[in-house]
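Report on the following structure.
The values are calculated or read from the model by the stated rules, or taken from the named source; none is laboratory data. These numbers come from a predicted model, not from an experiment. Virtual Cβ from ideal backbone geometry, glycine too; neighbours counted across all protein chains shown.
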Amino acid sequence: MLKLKLHWQILIALVLAVIAGSLTGMDSTLLGVRLYDVYAFFGTLFLNALKMIIVPLIVSSIIVGIAGIGGSHGLARMGGRTILYYMVTSLFAILLGLFFVNLLSPGIIDGMPAQEVLGLDGELAAQASAKVGEKGVGDIPGVFLSMVPPNVVAAAANGQMLGLIFFSLLFGFFMTRITEDYAEVQFNFWEGVYETMMRITDWVMLFAPIGVFALVAKVVTGLGGGQLAEMMQSLGLFALTVLLALAAHVFIVLPLLLKVVARVRPTRHFQAMAPALLTAFSTASSSATLPLTMDCVEKNAGVSNRTSSFVLPLGATVNMDGTALYECVAAMFIAQAYGLELSFATQFTIVLIALLTSIGVAGIPAASLVAITIILSAIGLPVEALGLILAVDRILDMFRTSVNVFSDSCGAVIIGKLEGEQDILTGAPQDAEASRS
Ligand code: ASP
């Protein structure tokens, strides 16, 4: 029987979804059921299944990984490298965005601020405020406060990943400081949970083609026929700027890092990560993609669980290159469209806030919007101006989320290599057991 690789299945599902979605109207029905609702149902089912895995997978994987590192010295070294990688790549991404937005000036049409041409639609502006309200605040002290959750069970229930990660790090670390008998029982238990969660992930991924089809068909249906063309006319240059900058980051900067620092062939790494990247693209959520990112990094790229369990959950929460880049381009675009004078100080403020807020942005769809409002207030623009970009946000979200996930995966490979791992990207996919050190 012909068995297509998972990433081909997902890719085909994606193409079919675009076709099906564009043939489906908002009110099309099949046997009396609205097709849009059918897509929404299966899409949500798939997303729920992915989210269901996250808490036990992250907790067990971090505990096992950290307990395996042993000694505070190894942990400090890996932590330092990881944070350095995150900061440097996010900054690179933002600077690329800044370069392209200054080069193409999407907010200026025929030498005039584009505000009037684009015409800030009242309804979109209202939608913008409502959307932002849903996402909660992403302020900087808030990020640090959420790192130490007053109640870990509540943190897990509310998906506060940073709190959960911090607690799991502590648990894994102190597990190695107790009596050996107890430590062994603990270790075996968490290792078992982790193995089981990986198996569940594999099983859920069998349904990825259906889930991806439903999610993408829903987005395309929602866009409506003429809307896309109309939107692209007014916001095309903005979207193009974002896409060019993202492409430069993902096809030039990150591959260079892979090649120079980790001595890994970039094409090989793209191949290894394909299922995760396509899932990130269709879900627009790096958190929901995390189980798959871990699976691909360990099984296809050969990074040890020790490294990936530290780098990836943290990365899915704090390292968002695509998001940081997008925040910068979006804020600059709105500022250009409003005819704001873009002095060095203003641009510096934008870069700095984009870097800091990208850490606090949650790995869920449209989460960047909150961070952009923070930048807009900081440079003195009304939050409603966000309405300008809302129309294209969802599509760009799919691209930036893939970039977020790709950067995390490159981080895992690079840190793994620096930690001296030998199994990275050697030959055929291997099972997680063999790649664990
Ligand atoms: N959707 C993005 C993610 O999950 C976050 C964002 O930029 O909105 O990575």
Notebook entry, point to check: Of the numbered conditions (1) under 11 Å from the mean Cα position of the chain (by Cα); (2) surrounded by fewer than 24 Cβ atoms within 10 Å (Cβ to Cβ), Leu356 satisfies every one except a single condition; which is it?
Noted result: (1)
Item checked: Verdict on Ser309 being within 16 Å of the ligand (Cβ to nearest atom) and either in contact (Cβ under 8 Å) with a residue 12 or more places away in the chain or under 15 Å from the mean Cα position of the chain (by Cα) (or both) -> no
Margin query: One residue is enough: does region 284-302 have a residue meeting the conditions under 30 Å from Leu75 (Cα atoms), more than 12 Å from the ligand (Cβ to nearest atom), outside any helix (DSSP H, G or I) and modelled with pLDDT of 90 or more?
Written below: yes
Checklist line | Any pair with Cβ under 8 angstrom, 6 or more apart, that starts in region 251-267 at a residue that is more than 15 Å from Asp321 (Cα to Cα) and without any contact (Cβ under 8 Å) to a residue 24 or more places away in the chain and ends at one that is assigned to a helix (DSSP H, G or I) and not basic (Lys, Arg) | finding: Lys259/Pro266; Pro266/Leu254; Pro266/Pro255; Pro266/Leu258
Item checked: Residues (over 28 Å from Phe310 (Cα atoms) and surrounded by 17 or more Cβ atoms within 10 Å (Cβ to Cβ)) located in region 39-69 -> Tyr39, Ala40, Phe42, Gly43
Margin query: Looking only at region 344-375, how many residues end up being over 21 Å from Ile83 (Cα atoms), of a type outside the set (S, T, N, Q) and in contact with a Ser or Thr (Cβ under 9 Å, 6 or more places away or on another chain)?
Written below: 7
Check: Quick check: anything in region 340-349 away from the ligand (no atom under 16 Å from the Cβ) and in contact with a strand residue (DSSP E or B) (Cβ under 9 Å, 6 or more places away or on another chain)?
Finding: yes
Checklist line | Scan of region 155-200 for residues that are part of a helix (DSSP H, G or I) and among the polar types (S, T, N, Q), ordered by number | finding: Ser168, Gln186, Asn188, Thr196
Margin query: Checking the structure you have, find out if any residue of region 325-333 is in contact with a Phe, Trp or Tyr (Cβ under 9 Å, 6 or more places away or on another chain), part of a helix (DSSP H, G or I), away from the ligand (no atom under 11 Å from the Cβ) and not aromatic (Phe, Trp, Tyr).
Written below: yes
Next item on the list: Would you mention how many residues in region 362-382 are among the polar types (S, T, N, Q) and within 16 Å of the ligand (Cβ to nearest atom)?
Entry: 2
Margin query: When the residues of region 314-324 are narrowed to those that are of a type outside the set (D, E, K, R) and not in a loop (DSSP other than H, G, I, E, B), which ends up nearest to the ligand (Cβ to nearest atom)?
Written below: Thr323
Notebook entry, point to check: Only one of (1) more than 16 Å from Ile94 (Cα to Cα); (2) within 16 Å of the ligand (Cβ to nearest atom) fails for Ala385. Which number is that?
Noted result: (2)
Notebook entry, point to check: Considering Ala67, Ala76, which residue is without any contact (Cβ under 8 Å) to a residue 40 or more places away in the chain and within 30 Å of Thr179 (Cβ to Cβ)?
Noted result: Ala76
Next item on the list: Sort out which residues of region 318-357 are of a type in the set (Gly, Ala, Ser) and touching a helix residue (DSSP H, G or I) at 6+ places or on another chain (Cβ under 6 Å), and write them in order of number.
Entry: Gly322, Ala324, Ala330, Ala331, Ala337, Ala354
Check: Within region 27-39, can one find any residue that is part of a helix (DSSP H, G or I), among the β-branched types (Val, Ile, Thr) and at pLDDT 80 or above?
Finding: yes
